[in-house]
Amino acid sequence: MPVIYRSTLSSQLPFSQTSRQFTQFSLYHTKITFSSHSNFTRICCLKPSIMEKDAQLNPTILESTEEKYSAELDVAVKAVQMACSLSQRVQEGLISKANSLVQSKDDKSLVTIADWSVQATISWVLSESFGIKNVSIVAEEDVEALSKPEATVLLDSVVQTVNECLAEALQFGIKGPIRPLKKAEVLEAIRQCNSIGGPSGRFWVLDPVDGTLGFVRGDQYAVALALIEDGEVVLGVLGCPNYPLRKEWLSYHQRYYRIISKLTPPRSESWDKGFVLYARKGSGKSWMQPLLPQSMNLVELKSPRPVYVSLVEDPSLATFCEPVERANSSHSFTAGLAHSVGVSKEPLRVYSMVKYAAVARGDAEIFMKFAKSGYKEKIWDHAAGTVIIQEAGGVVTDAGGHPLNFSNGIYLEGLDRGIIACAGVQLHQKIIQAVDASWDSSCL
């Protein structure tokens with residue numbers, strides 16, 4: 001009989017408050033399997049990490065781990081708060097007038113001044129907080145386009161945007177620069193994000209504006225920051241500036257939400273949209289903090305509150321979300337999977353890692369993504385969201401039931417077919433079984 005203990009995995013696979021079933025964990029299996037008993041459900045869970053193996057011998061290790069990353073999490077949350085404020089201003093500018101400060105990259109994806117500005121700002125904050133020699137960052141954007149002679153106007157806009165944000169740093173509890181950053185310093189902050197990741201050491205993973213297409217359309221997007229140590233995500237922060245607190249508004253394009261908000265503006269003391277989600281591996285908790293209003297400092301901000309995944313286990317009552325774009329995800333395959341397990345609701349299609357936030361908050365029960373052949377998932381699109389769902393009580397694996405592997409560079413190498421995130425283990429297992437049954441005919 002393997003040793004059973006309460007660890008990070010207990011936050012992934014919680015006991016049901018409705019059925020009062022107990023959940024136990026075997027630490028020697030690589031897939032999630034089930035065996036039913038009259039008094040409890042026993043779950044053979046994911047292969048343990050080195051951290052979890054050590055915790056079997058020393059139960060206090062989880063407590064010391066929590067203390068170990070408290071400073072990093074504090075700075076990361078403040079940095080993402082700043083980045084959300086910056087990106088909101090840029091998005092309003094894109095919406096209110098025609099704006100040419102949007103570029104197309106080699107892979108036809110979009111990049112805006114917000115992408116570069118957020119990356120420079122967060123890079124600068126992390127380097128100032130922990131020392132530039134101690135900070136390694138994997139991030140999506142590089143400085144090539146900004147360094148070209150014809151990009152002078154674009155670079156000027158990025159520098160101005162970064163300095164406007166850093167001028168407000170003290171409001172977020174961060175010490176700002178003693179003078180505005182010069183062009184070379186902004187470029188260097190972006191260039192500093194040149195790590196390629198790997199299985200050892202510590203590095204940050206940043207997606208400055210996840211869901212740029214949603215961003216330029218005035219819709220949902222996210223700012224995602226995670227810390228990885230020895231190949232494992234140890235903390236994640238996810239800023240969702242346009243996420244409405246009323247879940248029914250998620251299914252509407254953001255422009256409708258803005259129109260209604262103007263017709264019936266929220267009270268000044270209300271919290272109607274936008275937040276930062278964050279979690280630390282092994283804590284068993286994920287938290288939601290409101291975005292910081294311009295007239296307030298971080299000390300005055302409302303206290304964060306915990307978030308939990310949904311307790312819905314009946315597929316007919318479950319909501320599943322998937323990417324908006326068909327370019328890198330098969331809607332027809334996910335629709336077939338949803339139907340085969342009994343999901344009857346229309347899918348919730350939203351941009352960016354907001355999908356992870358929806359599951360972590362309990363607004364949706366399932367997130368599925370099955371990329372078309374040739375597409376490779378990148379670690380910055382999943383690192384922060386994965387740990388936040390897990391610590392909120394959910395499960396995130398590939399379609400084979402294996403944990404996502406963040407130790408092989410910038411891509412999720414070895415990914416088995418697709419990604420499945422669920423609020424509960426029963427839904428998760430049903431989807432995995434449905435994938436196995438239908439994959440040969442999927443043409444993916």
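The values are calculated or read from the model by the stated rules, or taken from the named source; none is laboratory data. If you're wondering where the values come from, they're calculated on a predicted model, not measured in any experiment. Quick reminder, even Gly has a Cβ in these numbers, built from the backbone with ideal geometry, and neighbours come from all protein chains shown. We work out accessible area using only protein heavy atoms, side chains counted, and drop any ligands, DNA or RNA first. Shrake-Rupley method; radii C 1.70, N 1.55, O 1.52, S 1.80 Å.
Would you confirm whether or not region 429-441 contains a residue that is over 16 Å from residue 313 (Cα atoms), assigned to a loop (DSSP other than H, G, I, E, B) and open to solvent by 10 Å² or more (accessible area, probe 1.4 Å)?
no
Would you check if residue 358 is touching a Phe, Trp or Tyr at 6+ places or on another chain (Cβ under 8 Å), touching a residue at least 12 places away in the same chain (Cβ under 8 Å) and not charged (D, E, K, R)?
Numbers: touching a Phe, Trp or Tyr at 6+ places or on another chain (Cβ under 8 Å): yes; touching a residue at least 12 places away in the same chain (Cβ under 8 Å): yes; not charged (D, E, K, R): yes.
Yes: the conditions hold for residue 358.
Check 159, 138, 80 and return the single one that is touching a Leu at 6+ places or on another chain (Cβ under 6 Å), in the same structural domain as residue 186 (by TED's automatic domain parsing) and at pLDDT 95 or above. So that I can check it myself, show each step before the final result.
On the way: 159 fails: touching a Leu at 6+ places or on another chain (Cβ under 6 Å); 138 fails: touching a Leu at 6+ places or on another chain (Cβ under 6 Å).
Only one candidate qualifies: 80.
Check residue 360 against each of (1) modelled with pLDDT under 80; (2) more than 21 Å from residue 416 (Cα to Cα) and name the one condition it does not meet.
Going through (1) modelled with pLDDT under 80; (2) more than 21 Å from residue 416 (Cα to Cα) one by one, residue 360 breaks only (1).
Of the conditions (1) at pLDDT below 95; (2) more than 15 Å from residue 244 (Cβ to Cβ); (3) touching a strand residue (DSSP E or B) at 6+ places or on another chain (Cβ under 7 Å), residue 306 clears all except one; give me its number.
(1)
Identify all residues within region 391-410 that are charged (D, E, K, R), more than 16 Å from residue 282 (Cβ to Cβ) and outside any strand (DSSP E or B); write none if there are none. Explain how you work it out, then say what you get.
Filtering region 391-410 for residues charged (D, E, K, R) gives 391, 398.
Right, trim to more than 16 Å from residue 282 (Cβ to Cβ) and you get 398.
Within region 391-410, none qualify.
Give me the pairs, please: first residue somewhere in region 363-386 and more than 23 Å from residue 281 (Cβ to Cβ), second residue anywhere and of a type in the set (Phe, Trp, Tyr) and at pLDDT below 90, beta-carbon distance under 8 Å, and either six or more positions apart or on two chains.
Sorted first by the residue in region 363-386, then by its partner, the pairs are 368/320; 370/333.
Scan region 199-236 residue by residue and report those that are in contact with a Cys (Cβ under 8 Å, 6 or more places away or on another chain) and over 18 Å from residue 273 (Cα atoms).
Selection gives 206 alone.
Here's the yes/no breakdown for (1) in the same structural domain as residue 407 (by TED's automatic domain parsing); (2) more than 23 Å from residue 93 (Cα to Cα); (3) open to solvent by less than 30 Å² (accessible area, probe 1.4 Å); (4) under 21 Å from the mean Cα position of the chain (by Cα):
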{"position": "112", "(1), (2), (3), (4)": "no, no, yes, yes"}
{"position": "126", "(1), (2), (3), (4)": "no, yes, yes, yes"}
{"position": "154", "(1), (2), (3), (4)": "no, no, yes, no"}
{"position": "164", "(1), (2), (3), (4)": "no, no, no, no"}
{"position": "177", "(1), (2), (3), (4)": "no, yes, no, no"}
{"position": "185", "(1), (2), (3), (4)": "no, yes, no, no"}
{"position": "189", "(1), (2), (3), (4)": "no, yes, yes, no"}
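Among all residue pairs at least 6 apart or on different chains, which show Cβ distances below 6 Å where the first residue, located in region 196-207, is farther than 12 Å from residue 378 by Cβ and the second is among the acidic types (Asp, Glu)?
Within 6 Å, the pairs are 200/230; 202/229.
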